[in-house]
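Readers should treat all values here as calculations from the given coordinates under stated rules, not as data from a laboratory. Here the structure is a predicted model, which is why all the values come from computation and not from measurement. Please note: Cβ atoms are built from the backbone with ideal geometry, for glycine as well, and neighbour counts cover all protein chains shown.
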Amino acid sequence: MTKTFLFIACFILLKTISVSAQDNKDTILLLNGTQIITTVYDTTFGLVRYKNPHPEKDPIEIESTDIFSIRNVNGEFIKYVYDSAGENNITADEMRYYIKGEQDATKNFKPHGAFWTNVLIGAASGATGLFYCPIPPFAFTAFCGLTKVKIKHSTVSNLDYLKHDTYIMGYEHIARGKRKTKSLLGGGIGLVGGIGAAIILKNTGNALLK
């Protein structure tokens, strides 16, 4: 009876530990601001291997140089290595603010102005029916990647972050990319619509002349 009781107690204890271990997920924070909630298997040889969401597939590998930190139940472990003469020429604390800027811009920055402006530019250019009509919307897209980004306070998770230049740099990096992508999409939509309208008007005009 005693052995049976001990066996059951050990089984329950092991099961509890197993479930607890599965619940204690690791968090990988990439330099681009992306967070991956997963289970890390290995961090040797300059690679981080972690659980694939598809169990039938091999674990996913990512280079340590793309990772800022890994957090687990024991705390946060910084993988980022400061190198004043290389690409990582800002400190870990400054990089943390840079990543915060990337995350806020990814979540909250909405480049509606760039999208709708280029819809109009593309439509007007496409309506001319000229061979070079794609140039204006593409030129505007390139321009969107150069102009200053106005950071609205409502898109910032903590206004104190604005005191740090690296936060602004990270925010602007993502914001410019999103603005160019949306501008390109809007320009394409407008261009197709403008060219379609030009063709319809031309065919309508030809039909009336017959």
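Hey, does segment 78-90 have a residue that's under 21 Å from Gly170 (Cα atoms), aromatic (Phe, Trp, Tyr) and assigned to a strand (DSSP E or B)? Step through it out loud before you land on a result.
So in segment 78-90, the residues under 21 Å from Gly170 (Cα atoms) come out as 78-90.
When the remaining residues are screened for being aromatic (Phe, Trp, Tyr), the result is 80, 82.
After this cut, where a residue has to be assigned to a strand (DSSP E or B) as well, the list is none.
Taking every residue of segment 78-90 in turn, none turns out to be under 21 Å from Gly170 (Cα atoms), aromatic (Phe, Trp, Tyr) and assigned to a strand (DSSP E or B).
Go through segment 109-138 and count every residue that is aliphatic (A, V, I, L, M), without any contact (Cβ under 8 Å) to a residue 12 or more places away in the chain and part of a helix (DSSP H, G or I).
Residues of segment 109-138 that are aliphatic (A, V, I, L, M), as a first pass: 114, 119-121, 123-124, 127, 130, 135.
Cutting the leftovers down to without any contact (Cβ under 8 Å) to a residue 12 or more places away in the chain gives us 130, 135.
With part of a helix (DSSP H, G or I) added as a condition, the list becomes 135.
Final tally of qualifying residues: 1.
Looking at Thr106, Thr141, which is the one that is crowded, with 19+ Cβ neighbours inside 10 Å, of a type outside the set (D, E, K, R) and part of a helix (DSSP H, G or I)? Break it down into steps so the answer makes sense when it comes.
Numbers: Thr106 fails: crowded, with 19+ Cβ neighbours inside 10 Å.
When all the criteria are applied, what remains is Thr141.
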